[in-house]
Each structure stands twice: as C-alpha cells, then as structure tokens.
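Novice: After the structure tokens below, expect a handful of questions from me.
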Amino acid sequence: MRRISVDLSGRSYEIHVGGDLLARLSEWVAPLKPTRLFIVSNQVVYRLHGEAARSSLAAVAPLHAIVLADGEATKTIATVERVLDQLVDAGADRRSVIVALGGGVIGDIAGFAAAIYMRGIRLVQVPTTLLAQVDSSVGGKTGVNHSRGKNLIGAFHQPSVVVSDTQTLRTLPARELSAGLAEIIKHGLLADEHYFDGVERDLPRLLACESAALTNAIVGSCQIKAGVVARDEKESGERALLNLGHTFGHAIESLTGFGTWLHGEAVGCGLCMAADLSARCGLIDAAVTKRIENIVHAAKLPTRIVGLSKSAAIASMRGDKKSESGRIRFVLLQRIGHAFQREVSDDILGATLDAGGYV
C-alpha cells in the first residue's frame, strides 16, 4: 500500500492506494467514530463491490445503503435531494459519515450532499474508477451539472480520507479505463515532464491493467494534485491549471448531452485542442502537439469531434464556471510539464475549433 498526504492544516487527510483495500475499509472509517454510516453508490458498482464494503463496515456503526442509477445523467440537484431525503429519513446526524463508493459521479453527488447536509458532515471517498482515483476523489470539489453547464452547482468539501483499491479497476470496461488515462496524461502535461515520459512509456501496461504500473501512475497523479491543492485549495490561482483540456471538454459534454461522451473522453479531446491552441499562440511547436495527440490516441481516446457547432461551443465556454465576465481563460502549455492561464483572441480560438472538426 502507498500513502499520500494532502496538507491542508486542520483539513489534512491521507490517500491510501493499494490492492484489496475494500476489505480493510474499517481501518480508516472506525477512527472517525461515526454514529451512522451511509454508503452512497450506484447500481453497477454496488453489485460489484457493495458486499465487500458492507462486510468491512458492518461492525463500525449502523449502516445504510443509498443506491442510485448509473451514469452522468444522474448528476443533478434532483439526485442530491433524493440522497438528502434518505439521510433525513434514516436519522443522520452531524456525527454521521457518508462513504462514496463509486466513480466521479458518485463522489461528486455524495460529496455535495455531505457538504450541505446539516452544513457539512464527514465524507470518505472510496473511488472505484481510474479517473476518480487519480483526480475527482482528491481535492474536495463536489457538485452537480446544470442544463447550461458542467459542475455549475457545488461546494468545496474535503474528505476525511480517500481509499483507492486498485483491484476495483479490474472490473472496469476498457472505455472507462481509457477515460481515466486522460487525467493521468493531463497531470504530466501540466506539472511533471518526467512523469509524462513514464506514462507514455508505460501506456501499454496501463491499458493492460497491470497492477504495478497502475499503482505508480495513480500515486504520481495524486502527488501532483495533492501538491497543487495544498497550495491553492479554493482555486484562486494555481489550481486552475488542473483544468487543462477541461474548457474544451466541458463544452463537448454539455453540447452532446451529459453522458454521451465520458468525462475522460472529452478531456482527452480537450487536451489535443489545448495543445493546438498553445501552438497557434506560438508557445509549443508542431512536434509537441503531435506527441500529445499521439499519446491521447494511443490511450484509445478521441482526438477530434466532428460536426459540433463552433458558435454553440464558444457560447458554452463563455458560460463555463472558469470564465470571468464572459471572457474565457484557457490553460495553455509553454512546454510539457509547464502550464499557465491566459485569454486568446477569437480568431485563434476559431482556428483551433476549425482544426478540431467544429462547423
């Protein structure tokens, strides 16, 4: 097992990464001394991993399961209301603990419910997808989608602990595994060229779900993100760099209908577009852009989207929560391992969208 610390003073916590950790879940939950435990999961994950989690936690406190439908389409304020209703009905109090068992959608829904129930109760993140293990379970971002945009409704609410069992990744469909690789690639691009080189080298082993390669990639991504979060918890500066590829990606998700593209698929395509935009701004050369496109393609992720409306995409990006007074600030690359934020002209943005297949 590997351990990473997220240093946030009074809100610090640890991330545990390793195999067969679901069977040991009580080791990290029991010290919280919960009055009641609420496992929030979805139908697919709960069928696969619910019994292991329940068996480990049964002796800790009275246990309730809140099992939701699967998919990005459930990530709405209405779903959060259903979770809150069940918390109230079961008598959840301020010493209760929510255990988010699932991917990023479950982590966001359960985390947001934990953030707002009785003005905040404790949360344990137990991510079961690669994308959630390397990104969404770490850093305290919670929230749901709005019809006008991705993650527009939410709150910062740090977990008490994150437990990432790499064995759960063996049950992932290949498409979900690739979606997680998009965030791994992103972390290397924005913060650590050496890590990016390793991901590029180990990509066949990652796609084959080899345990050692996955553990190293997960730990490396978590270390990068934990460092950024510790320096900028509420995204007032550096943390915004973690949105590399996401401005494009969120527009794709919104315009195609949430759930049509997996989040990681949209981010992978967004990374290629961010690289193209960086090149058009004179920051990186064509060889770097091609290298990024090649690794995204090798990870079995889309590199273009054909036929999406250019004007609708720009309107969606202007409404993104990262824009300021309608001005879009993109995360761009100066080189692999170093990113920064800036605005770009409409002409340059339009050229990138043209190249990406927009009409």
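Novice: Suppose R0 equals 22 Å; then what is the FRET efficiency for VAL306 and ALA351 from their Cβ-Cβ distance, rounded to the nearest 0.05? It would help to have the intermediate numbers written out before the result.
Specialist: Numbers: r = 16 Å, r/R0 = 0.74.
Approximately 0.85, to the nearest 0.05.
Novice: I've got another one for you. Taking the Cβ of each residue in SER178, SER5 as the centre, tally the other Cβ atoms inside 10 Å and list the residues starting with the fewest.
Specialist: Numbers: SER178 24, SER5 13.
Starting with the residue having the fewest Cβ neighbours, the order is SER5, SER178.
Novice: Under the Karplus relation 6.51 cos²θ - 1.76 cosθ + 1.60, θ = phi - 60°, what is the ordered set of whole-Hz ³J(HN,Hα) values for the stretch 148-161, x standing for Gly and Pro?
Specialist: Listing the rounded values in order: 8, x, 7, 6, 6, 10, x, 7, 7, 8, 6, x, 7, 6 Hz.
Novice: Treat each spin label as a single point 7 Å out from the Cα along the C-beta direction, and report the MET118 to LEU207 distance in nm.
Specialist: According to this spin-label approximation, the distance is 4.9 nm.
Novice: Name the trypsin sites (Lys or Arg not before Pro) in the stretch 1-95 that are in a loop by DSSP and that have at most 15 other C-beta atoms within 10 Å, would you?
Specialist: On the way: sites: ARG2, ARG3, ARG11, ARG24, ARG36, ARG47, ARG54, LYS75, ARG82, ARG94, ARG95; in loops: ARG36, LYS75, ARG94, ARG95.
In loop regions of the stretch 1-95 (DSSP not H, G, I, E or B), the sparsely surrounded trypsin sites (Lys or Arg not before Pro) are ARG94, ARG95.
Novice: Further, regarding this structure: In the stretch 274-290, which residues have a backbone nitrogen under 13 Å from the label point lying 7 Å from ARG318's Cα in the Cα-to-Cβ direction?
Specialist: Counting backbone N atoms under 13 Å from the label point, the list is empty.
Novice: Can you compute 3J(HN,Hα) from phi for each residue in the stretch 327-340, using the Karplus curve 6.51 cos²θ - 1.76 cosθ + 1.60 with θ = phi - 60°, rounded to whole Hz and x for Gly and Pro?
Specialist: Whole-Hz 3J(HN,Hα) from phi for the stretch 327-340: 8, 8, 9, 8, 8, 10, 9, 8, 6, 5, x, 8, 10, 7.
Novice: While we're here: In Å and whole numbers, how far do the C-alpha atoms of the stretch 164-215 stretch along each principal axis, longest first?
Specialist: Taking max minus min along each principal axis of the Cα atoms, the stretch 164-215 gives 30, 20, 18 Å.
Novice: For the cross-link pairs LYS186/LYS234; LYS141/LYS290; LYS225/LYS300; LYS234/LYS310, which exceed 29 Å when the distance is taken from alpha carbon to alpha carbon?
Specialist: LYS141/LYS290; LYS234/LYS310, as the Cα separations exceed 29 Å there.
Novice: At 7 Å along Cα-to-Cβ for each site, give me the label-to-label distance between ARG327 and ALA73 in nm.
Specialist: Each label point lies 7 Å from its Cα, and together they span 3.9 nm.
Novice: Two-decimal Rg/Rh of the chain from alpha-carbon positions, Kirkwood Rh?
Specialist: Numbers: Rg = 19.6 Å, Rh = 20.4 Å.
On the Cα set of the chain, Rg over Rh gives 0.96.
Novice: Follow-up question, since we're still on this one. For the chain, find the longest principal axis of its Cα atoms and tell me its angle to the long axis of helix 286-298, 0 to 90°, nearest 10.
Specialist: So the helix axis and the longest Cα principal axis differ by about 40 degrees.
Novice: Taking only Cα atoms, what is the 0 to 90° angle, nearest 10, from helix 174-191's long axis to the longest principal axis of the chain?
Specialist: So the helix axis and the longest Cα principal axis differ by about 70 degrees.
Novice: Counting other C-beta atoms within 10 Å, and keeping those with at most 16, which DSSP coil GluC sites (Glu not before Pro) do you find in the stretch 122-224? Don't jump to the answer; show the numbers that get you there.
Specialist: Details: sites: GLU176, GLU183, GLU193, GLU200, GLU210; in loops: GLU210.
Qualifying residues, ordered by number: GLU210.
Novice: What is the diffusion coefficient of the stretch 1-78 in µm²/s, taking the Kirkwood radius over Cα pairs and the Stokes-Einstein relation at 37 °C with a viscosity of 0.692 mPa s? Walk me through the numbers before you get to the answer.
Specialist: Numbers: Rh = 14.4 Å.
Diffusion coefficient, whole number: 229 µm²/s.
Novice: Can you pull a Stokes-Einstein diffusion coefficient for the stretch 2-171 at 37 °C (0.692 mPa s), Rh from Kirkwood over Cα pairs, as a whole number of µm²/s?
Specialist: Numbers: Rh = 15.5 Å.
It comes out at roughly 211 µm²/s.
Novice: Still on this structure: What number do you get for the stretch 174-355 when its Cα radius of gyration is normalised by 2.2 N^0.38 Å, N = residues? Let's see the in-between values first.
Specialist: Working: Rg = 15.4 Å, N = 182, 2.2 N^0.38 = 15.9 Å.
The value comes to 0.97.
Novice: Alpha carbon centre of the stretch 274-305 versus the stretch 26-76: separation in Å?
Specialist: About 39 Å separates the Cα centre of the stretch 274-305 from the one of the stretch 26-76.
Novice: Could you give the angle, 0 to 90 degrees to the nearest 10, between helix 104-116's Cα long axis and the longest principal axis of the Cα atoms of the chain?
Specialist: 60 degrees
Novice: A further question on this structure: Looking at the stretch 278-359, I'd like the Rg to Rh ratio, where Rg is from alpha-carbon atoms and Rh is Kirkwood's inverse mean 1/r. Spell out each step's value before the answer.
Specialist: Details: Rg = 13.3 Å, Rh = 13.8 Å.
Using only Cα positions, Rg/Rh for the stretch 278-359 is 0.96.
Novice: Based on other C-beta atoms within 10 Å, arrange CYS269, CYS281 from fewest to most. Walk me through the intermediate numbers first.
Specialist: Working: CYS269 24, CYS281 17.
Taking fewest neighbouring Cβ atoms as first place, the list is CYS281, CYS269.
Novice: Sorting THR303, THR128, THR168, THR260 on the 10 Å Cβ count, fewest up front, what's the list?
Specialist: Details: THR303 18, THR128 29, THR168 26, THR260 13.
Taking fewest neighbouring Cβ atoms as first place, the list is THR260, THR303, THR168, THR128.
Novice: Mind jotting down the distance between the C-alpha centroids of the stretch 207-242 and the stretch 122-189, whole Å?
Specialist: When both Cα centres are located, 11 Å separates them.
We did not get these values from a lab; they are worked out from the coordinates using the rules stated. This one's a predicted model, so the numbers in the text were calculated from it and none came from an experiment. Reconstructed Cβ throughout: ideal geometry from the backbone, glycine too, with neighbour counts over all protein chains shown.
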